[in-house]
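One structure is given here, and the rest of the page talks about it.
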Amino acid sequence: MNSLRHLQAVMALFWSQNRLMLAAGTLLALCTALAGIALLGLSGWFITATAIAGASVATALVFDVFAPAAGIRFLALARTFSRYGERLVTHDATLEVLARLRERVFRTFATDEEARSLAARPARLLFRLTVDIDALDSLYLRVAVPLVAALGSALVTSAALGLIAPALGIGIGLALILSGLAIPAVAAARAQKPARRRAHALEVLRSRTIDLMRGQADLVMANRLSAQTAALSAADSRLADADDALNHIEASTGFSFAVAGAGLLAATLIAAAVLAESGTIGAPAAALAVFVALACLEPFAALRRGALELGRVLLSARRLGSKLTDVVDEAASPDLPSCPANAVEIAGVTVSYRHGDRPVVEDQSLAVARGEHVALIGASGAGKSTILSLIAGELPPHAGTVRTLPAALLTQRTELFCDTLRGNLALARSNAGDGEMMEALHAAGLGAFVAGLPEGLDTMLGEGGAGLSAGQARRLALARLLLRDTPVWLLDEPTEGLDGSTARDVIERIGACAAGRALVIVTHIRREAELADRILLIEHGRVQADCARGSREYLRLLERLRPD
C-alpha cells in the first residue's frame with residue numbers, strides 16, 4: 001500500500017508538470033500504433049482486392065487503385081512522423097519532469113535533518129538523484145504511454161472490425177485486452193523481486209567500486225584490499241544473477257506474446273474463412289481482418305519492457321515519494337524575526353543531537369553587533385561548531401530563538417566541483433559578471449594566477465578542485481565568499497592545513513575584506529583569533545569567558561591558542 005501511495009505521488013507530479021506535452025506524447029503514441037495496424041490491414045485488403053479485380057478485364061478497368069495506394073502512402077508517412085513526434089515529445093516532457101523532480105528531491109535532502117542523516121552515507125544522495133530518479137522515466141515512457149496506446153488501439157481495432165462483422169470485432173477486442181494485459185501483468189509480478197534485487201545490487205556495486213578506487217591507499221594500509229575486491233565481486237555476481245532472472249522473464253514474456261499472437265491470428269483466419277465462405281464478408285475484407293489481427297497485438301508487446309522495470313520503478317517511488325511533499329520553496333526565506341540592533345542574536349538556545357546523552361548547547365544566549373568580529377575558542381567538542389551551525393541555519397534549535405542577518409559560511413573543508421572556475425564562482429552569485437568574479441579573485445589573491453591561465457575563468461577543475469593547490473583552493477573559496485557579499489561571515493578554521501605564509505596571507509585578506517561585516521570565527525589558532533574584537537571561551541556548550549580586545553583576559557586567551 002505504501003508503494004502505491006508513493007507511486008500516486010510520483011504520478012501526480014508527472015501530471016502536474018506540462019500536462020499538454022504529456023497528453024500530446026500519449027496521443028502521438030496511439031496514432032503511431034493505429035497507423036501501423038491500419039497500414040498492414042489496408043495493404044492486405046489492397047493486395048487481395050487487386051488480385052480479384054485482375055481476374056477479369058471488366059473489373060480491372062473499373063477498379064480504383066489510386067485511392068488505396070494514396071491511403072497506404074499516407075499511413076506510412078503518418079506512422080513515420082507520429083513515431084518521430086512521439087519520441088521527441090514524450091522524452092522532452094519526461095526529461096523536463098525529471099529535472100524538476102531532481103531539484104525538488106535535492107531541496108528536500110538539503111534540509112537540516114536529511115543533511116545530517118546523509119552525512120554518514122553521502123553516496124545515498126547521489127543514487128537518489130541519479131539512479132532512482134532516472135528509473136522513474138519508465139513510469140511514463142514504458143508503462144503509461146504504451147498502456148494507453150495499446151488499450152486505445154485495441155478499442156479502435158475492435159470497433160473497426162465490428163463494422164465488418166460484430167462478432168469478429170468483439171471477439172478480437174476481448175482477446176486483445178485479456179491476453180495483452182494478462183501477459184505483462186504476470187511478467188511484472190514475476191519481475192518485481194529480481195528488479196528490486198538488481199537495483200540494490202547496482203547501488204552496492206557502484207558504492208564499493210567508488211570505495212575501491214578512492215580508498216586504495218587506505219585499504220592497502222589496512223590489509224583490506226583483497227576483502228574489498230571480494231565484496232565487489234560478490235555484488236557483481238548478485239547483479240548478474242538478477243540480470244539473468246530478468247532476461248529469463250523477458251524471454252518467456254516474448255514467447256508468450258508470440259504464442260498469443262499466433263493463436264489470435266489462427267482464430268481470426270478461421271473466423272474470416274467461415275464468414276467469407278458464408279458470404280457475410282468478401283475476400284478483401286477477410287484479408288483485412290487477418291492482417292489487422294497480425295499487427296494488433298504489437299502495441300501490447302511494448303508493455304514488456306515496462307513490466308520488467310515496474311519493480312524498480314516502485315522501489316524508486318517508495319524511496320522518493322515521501323520527498324515530494326513539504327519541500328522548501330526556492331523563493332521562500334527562513335521565517336526569522338528581523339534583527340534591527342545586532343547582526344546575530346541567540347536567546348535561550350538549547351541543542352542536542354539525535355542520539356546525544358546531553359545537550360551540546362544548553363540555554364545559551366549570545367549577541368554579535370553589526371560589523372563586530374568575534375572569535376569562538378575552546379577545546380574540541382566544546383560546542384563551537386554547533387553554535388556556528390545554529391547561526392548558519394544548518395542546525396535548528398530545540399528551544400530558544402536564533403535571529404541573524406543573511407550569512408555566508410566558509411569552512412576548513414573547501415567544497416569545489418568538477419567545473420570551470422566560473423562555474424564554481426557562480427555558486428555564490430549566479431548573475432555575477434566576469435569583471436565581478438575577477439575583482440573577487442584579485443581580492444582573494446588569486447587574480448594574477450587566473451589571469452595567467454590560457455582559458456582564464458573557463459579553466460576546468462577536476463573533482464574536488466583538482467588542479468589547484470590547497471592554498472589556491474582556499475583562496476577560490478574566499479573569492480566565492482566575497483561574491484556572496486552578505487553582512488555576516490561565518491568562518492570555521494579557515495586556514496587549517498595551510499602552510500604558515502599562505503595562512504597569514506589568507507587571514508590578512510579576510511581581515512581586509514571583512515571590514516564593515518560581522519565576523520564569527522571558530523578557531524584554535526592565534527593568528528585567526530587576532531582578527532576578533534571579542535574572544536568567547538566556550539566550554540560544555542556555554543560561554544565561560546567574554547573578553548574584549550585590549551583587556552588582560554583577551555591577551556591571556558590568545559596565549560592559550562596554538563601559535564602560527
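The values are calculated or read from the model by the stated rules, or taken from the named source; none is laboratory data. Just so we're clear, the structure is a prediction, and the values are computed from it rather than from any experiment. Cβ placement follows ideal geometry from the backbone for every residue including glycine, while neighbour counts extend to all protein chains displayed.
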- Would you mind finding the one in 251, 271, 267 that is at pLDDT 90 or above and over 26 Å from residue 38 (Cβ atoms)? 251
- Residues of region 210-248 being under 14 Å from residue 198 (Cα atoms) and touching a residue at least 12 places away in the same chain (Cβ under 8 Å), which ones? 235, 236, 238, 239, 241, 242, 243, 245, 246
- Item | Qualifying residue in region 144-164 (condition: crowded, with 19+ Cβ neighbours inside 10 Å, in the same structural domain as residue 241 (by TED's automatic domain parsing), under 28 Å from residue 101 (Cα atoms) and at pLDDT below 90) | yes
- Does residue 381 satisfy the criteria of being within 20 Å of residue 533 (Cβ to Cβ) and assigned to a loop (DSSP other than H, G, I, E, B)? no
- Any residue in region 210-227 that is in contact with a Pro (Cβ under 7 Å, 6 or more places away or on another chain) and of a type in the set (Gly, Ala, Ser)? no
- Just wondering, is there one or more residues in region 51-61 that are modelled with pLDDT of 80 or more and surrounded by 13 or more Cβ atoms within 10 Å (Cβ to Cβ)? yes
- Message: For region 30-74, which positions are part of a helix (DSSP H, G or I) and of a type in the set (Ser, Thr, Tyr)?
- Response: 32, 43, 48, 50, 59
- Message: Just to be sure before I move on: is residue 262 buried (at least 20 other Cβ atoms within 10 Å of the Cβ) and either part of a helix (DSSP H, G or I) or assigned by TED's automatic domain parsing to the domain that holds residue 44 (or both) in the structure I sent?
- Response: no
- Within region 480-491, is there a residue that is aromatic (Phe, Trp, Tyr), closer than 23 Å to residue 523 by Cβ and outside any helix (DSSP H, G or I)? yes
- Query: Which condition number in (1) closer than 16 Å to residue 145 by Cα; (2) out of contact with any Lys or Arg (no Cβ under 7 Å at 6 or more places or on another chain); (3) crowded, with 20+ Cβ neighbours inside 10 Å is the one that residue 32 fails?
  - Reply: (2)
- Task: Looking for whichever is more than 18 Å from residue 145 (Cα to Cα), in contact (Cβ under 8 Å) with a residue 40 or more places away in the chain and not hydrophobic (A, V, I, L, M, F, W, C) here; the options are 56, 43, 82. Which one fits?
- Result: 43
- In region 435-459, how many are of a type in the set (Gly, Ala, Ser) and either closer than 19 Å to residue 507 by Cα or not assigned by TED's automatic domain parsing to the domain that holds residue 470 (or both)? 6
- Message: Of the residues 291, 257, only one is at pLDDT 90 or above and farther than 27 Å from residue 196 by Cα; which?
- Response: 291
- Message: For region 512-526, give me each residue that is modelled with pLDDT under 85 and surrounded by 15 or more Cβ atoms within 10 Å (Cβ to Cβ).
- Response: 513, 514
- Message: Of the conditions (1) in contact with a Leu (Cβ under 6 Å, 6 or more places away or on another chain); (2) at pLDDT below 80; (3) within 23 Å of residue 557 (Cβ to Cβ), residue 381 satisfies every one except a single condition; which number is it?
- Response: (1)
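Go through 251, 245, 267, 234 for me and flag whichever is within 30 Å of residue 41 (Cα to Cα) and surrounded by 13 or more Cβ atoms within 10 Å (Cβ to Cβ).
Just one listed residue meets the conditions, 267.
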- Message: Can you find a residue that is more than 23 Å from residue 315 (Cβ to Cβ), acidic (Asp, Glu) and at pLDDT below 90 anywhere in region 215-230?
- Response: yes
- Message: If I ask for residues that are surrounded by fewer than 17 Cβ atoms within 10 Å (Cβ to Cβ) and in a helix (DSSP H, G or I), which ones from region 270-291 would you list?
- Response: 270, 273, 274, 277, 283
- Query: Hey, does region 183-190 have a residue that's closer than 30 Å to residue 287 by Cβ and either in the same structural domain as residue 303 (by TED's automatic domain parsing) or among the basic types (Lys, Arg) (or both)?
  - Reply: yes
- Taking interchain pairs and intrachain pairs at least six residues apart, which have beta carbon atoms under 7 angstrom, with the first residue in region 494-505 and assigned to a loop (DSSP other than H, G, I, E, B) and the second among the β-branched types (Val, Ile, Thr)? 494/506; 494/510; 495/506; 495/507; 495/525; 498/506
- Test residue 227 against the stated conditions and say whether it is farther than 26 Å from residue 463 by Cα and part of a helix (DSSP H, G or I). yes
